[in-house]
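The values are calculated or read from the model by the stated rules, or taken from the named source; none is laboratory data. These numbers were taken from a predicted model, which means no experiment stands behind them. Positions of Cβ are backbone-derived with ideal geometry, glycine not excepted, and every protein chain shown enters the neighbour counts. Heads up: the accessible areas ignore ligands, DNA and RNA and are worked out on the full protein's heavy atoms, side chains in. Shrake-Rupley method; radii C 1.70, N 1.55, O 1.52, S 1.80 Å.
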Amino acid sequence: IFFQAWQQSKNKAIALEEENLALIAEQQTSFIHLKEAGQIHKVFLKDIILIESLKNYVRVTTLDKVITAYIGISALEAMLPNKQFIRVHRSFIVAIEKIDSFSTKVIQVPGQTIPIGRKYKATVKTVLNFDSKDTS
């Protein structure tokens with residue numbers, strides 16, 4: 001009986017430890033740091049609406065501010081979880097949950113219409129489960 005109780009206690013401890021590690025990993029990826037004009041901004045991923053490339057800079061539009069940081073869009077894309085963000089054009093990444101509407105050519109996010117690039121069209125259609133006869 002003692003051994004069974006000990007084994008159950010050990011299993012609970014292992015399960016709690018795994019859950020704790022998963023929460024820590026989630027918290028570590030819930031924000032990014034971006035440097036703008038000598039200041040480092042903590043940007044929560046849940047607040048990002050859209051990221052726009054400006055050659056060697058990116059403009060990150062969040063719910064309450066716009067940050068222009070010296071980083072390439074591809075480098076920033078690598079930092080983002082691909083379950084939350086999608087690259088829709090060579091110059092644009094959007095937060096999937098912030099998409100208001102979309103068609104085969106454009107995506108609507110709050111305050112802006114983003115074109116879908118030909119190179120990204122198939123991926124966008126797959127990720128957003130867009131099944132239409134119009135493929136133009």
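When the strands (runs of 3 or more DSSP E) confined to region 69-136 are screened for residues that are within 14 Å of the chain's Cα centre (by Cα) and at pLDDT 95 or above, those reaching at least 3 such residues are found at 92-95. Summed over region 7-19, residues that are at pLDDT 85 or above and of a type outside the set (A, V, I, L, M) total 6. Checking region 95-106 against the condition returns a match, with at least one residue being touching a residue at least 40 places away in the same chain (Cβ under 8 Å) and either in contact with a strand residue (DSSP E or B) (Cβ under 9 Å, 6 or more places away or on another chain) or among the basic types (Lys, Arg) (or both). Per this entry, SER74 is counted among residues that are polar (S, T, N, Q) and open to solvent by 40 Å² or more (accessible area, probe 1.4 Å).
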